[in-house]
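Here the structure comes first, spelled out in structure tokens, and everything after it is commentary.
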Amino acid sequence: MPQSQPVTERPTTVRLQKMSWAFTQSAVLFGAIEVGFFTAVANNGSSDEAIADALGLTLPNTQRMLVALLTLELIERDGEGFRNAPDVERFLVQERPSYAGAWVHWFHHQWGAWGELGERVAASDEEKNLGFYTEGFTVEHARRYHQATGSVGMGAARKFLREVDLSGRRKILDLGGGSGAYSIQAAKQFPEIEAVVLDLPEVVVISREFIAEHGVADRVTAEACDFTADAFPTGADVILMNSNLPQYSGAVIQGVVQKAFDALEPGGEMHICGEMVNEDWSGPLIPAMCAMHGALFSSTALPHTPSDCIGYFEAAGFTDVHVREFIPDILQHITGRKPT
């Protein structure tokens, strides 16, 4: 008897339709943050009427938002009322010490640019190392960004220091250090450490504000530097480069890693916490979109895999090179040591 052929499910448009609507999910999240919806749910979530009254919204608009947020699993049913999902409750309720709404909402300002992605991908503008930093970047822009990211950066820095022992280290160079979070937290934990944050002139103004606010200006400084081109200060035994890996091409990163190796004291170490894609380029989502970001502003940004990054380190001369997960699905941590 002839064998029956396996039944192949016929493709439909459902997945594509869901993806074409995906921008509406971001819009709902941004809108809820803007009106303080999650704070109202935390404090007045007993009913849709209570939430509407707390926010001064119409009941129909409140109900529409509730349906959307329940569908996105950002809020949950709580008897007759509503409660925030655990991560929303922790990070998107205003007045909480862990509030990160400004950071989550930050990418709203690029909404228009992403809407022009097809047009920008088709453009053939000359690529620049610094991408959007060359398009009218100002001190105020830097301030808004680092005020939005400050709490997240400090949390990441504390996590880094729980996992990396800097005992006995003396001087850190923090490449593109922004708010100086990693240097600030290192100086607080290790009284013998000094650090220099290297960043663009506009950013350094903000770095110094954060450094002063945290009371470590006697041991942490900030200097203007394009770390892709300028020389590094000498005498460092630790060099950090965090959350800016996918802004640059492999050639640029290779050059930075080589300069870091050359500048480090013998026995020194380099750490990069960056967005890396899988070896087959199949994700994760955020690192993939970070690389796609390069097309928006004609930057050299390209995806980097863990094996790419290991290659950059080993080609520069680092030993004991290894990669591990730092923030699941977002950041990987690569480190290497300069031989003594």
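Read the figures in this text as sums done on the coordinates, not as results from a lab. Computed from a predicted model, the values in this text were never measured in an experiment. Here the Cβ positions follow ideal geometry from the backbone for every residue, glycine too, while neighbour counts run over all protein chains shown.
Plugging the Kirkwood radius over Cα pairs into Stokes-Einstein for the chain, at a temperature of 25 °C and a viscosity of 0.890 mPa s, what D comes out in µm²/s?
Diffusion coefficient, whole number: 110 µm²/s.
Exposure proxy check: GLU265, GLU314 ranked by fewest other beta carbons within 10 Å?
GLU314, GLU265
Measuring from label point to label point, each 7 Å out along Cα→Cβ, what is the GLU223 to HIS109 span in nm?
2.8 nm
For the chain, calculate the relative contact order in percent as a whole number, restricting contacts to Cα pairs under 8 Å that are 6 or more residues apart.
12 percent
Mind listing the long-range amide H neighbours of GLU194? Cut-off is under 5 Å, sequence gap 5 or more, other chains count too, H placed in the peptide plane at 1.01 Å from N.
Here LYS171, ILE172 satisfy the definition.
Once you charge only the Cβ atoms, +1 for Lys and Arg and -1 for Asp and Glu, what is the size of the charge dipole of the chain about its Cα centre, to the nearest 20 debye?
Charge dipole, the chain, about its Cα centre: 360 debye, nearest 20.
What is the P(r) of segment 136-194, as percent of Cα-Cα pairs per 5 Å bin from 0?
For segment 136-194, the pair-distance distribution reads 4, 19, 25, 23, 14, 9, 5, 1, 0.
What is the angle, in °, between the Cα long axis of helix 250-263 and the longest principal axis of the Cα atoms in the chain? Nearest 10 is fine, range 0 to 90.
40 degrees
Among DSSP bridges having both ends in the chain, what percentage is antiparallel? Round to the nearest 5.
45 percent
So for each of 103-112, 26-35, 238-247 I average, over its residues, the number of other beta carbons within 10 Å; can you give me the resulting order with the highest mean first?
Highest-to-lowest ranking by the protection proxy: 238-247, 26-35, 103-112.
Taking R0 as 45 Å, what's the FRET efficiency between ASP230 and SER46 from their Cβ-Cβ distance, rounded to 0.05?
FRET efficiency, ASP230 to SER46: 0.20.
Between the helical axis of 306-316 and the dominant principal axis of the chain, each derived from Cα atoms, what acute angle in degrees is found, rounded to the nearest 10?
Once rounded, one gets 10 degrees.
Whole-Hz ³J(HN,Hα) for each residue in segment 168-177, computed from phi via Karplus 6.51 cos²θ - 1.76 cosθ + 1.60 with θ = phi - 60°, x for glycine and proline: what do you get?
Values, residue by residue: x, 7, 10, 9, 10, 9, 10, 6, x, x Hz.
Place a point 7 Å from Cα of GLU34 in the direction of its Cβ. Which residues in segment 70-102 have their backbone N less than 15 Å from it?
In segment 70-102, the label zone of GLU34 (backbone N under 15 Å from the point 7 Å along Cα→Cβ) covers 102.
Once you place label points 7 Å from the Cα toward the Cβ at SER282 and THR8, how far apart are they in nm?
Calculated label separation equals 2.0 nm.
Farthest toward the dipole's positive end in the chain, which of ASN242, ILE272, THR58, given Cβ charges of +1 (Lys, Arg) and -1 (Asp, Glu) about the Cα centre?
The residue sitting farthest along the positive end of the dipole is THR58.
Say a paramagnetic label sat at a point 7 Å from the Cα of ARG162, along Cα to Cβ; which residues of segment 262-276 have their backbone N under 19 Å from it?
Counting only backbone N, you get 273-274.
What whole-number value in cubic angstrom gives the convex hull volume per residue for the C-alpha atoms of segment 16-109?
For segment 16-109, the hull spanned by Cα atoms encloses 103 Å³ per residue.
For the chain, with the dipole built from +1 on Lys and Arg beta-carbon atoms and -1 on Asp and Glu ones, taken about the Cα centre, which of LEU74, ALA195, HIS322 lies farthest toward the positive end?
The residue sitting most towards the positive pole is LEU74.
Mind putting a number on the dipole of segment 14-99 about its Cα centre? Charges go on the C-beta only, +1 for Lys and Arg and -1 for Asp and Glu, and I need it in Debye to the nearest 20.
Computed about the Cα centre, the dipole is about 400 debye.
Under the rule of at least 5 residues apart or a separate chain, name every residue whose amide H is placed under 5 Å from the amide H of ALA236.
Under 5 Å from the amide H of ALA236: GLU265.
Cα-based count: Lys pairs in the chain below 19 Å, eight or more positions apart or different chains?
Step by step, the pairs that qualify in the chain add up to 5.
Expressed as an acute angle from 0 to 90° and rounded to the nearest 10, what is the orientation of the C-alpha long axis of helix 139-163 relative to the principal long axis of the chain?
80 degrees
List ARG143, ARG219 from most exposed to least, where exposure is judged by having the fewest other Cβ atoms within 10 Å.
ARG143, ARG219
Put a dot 7 Å past each Cα toward the Cβ at ARG83 and GLN189; how far apart are the dots in nm?
Taking the two extended label points, one gets 3.3 nm.
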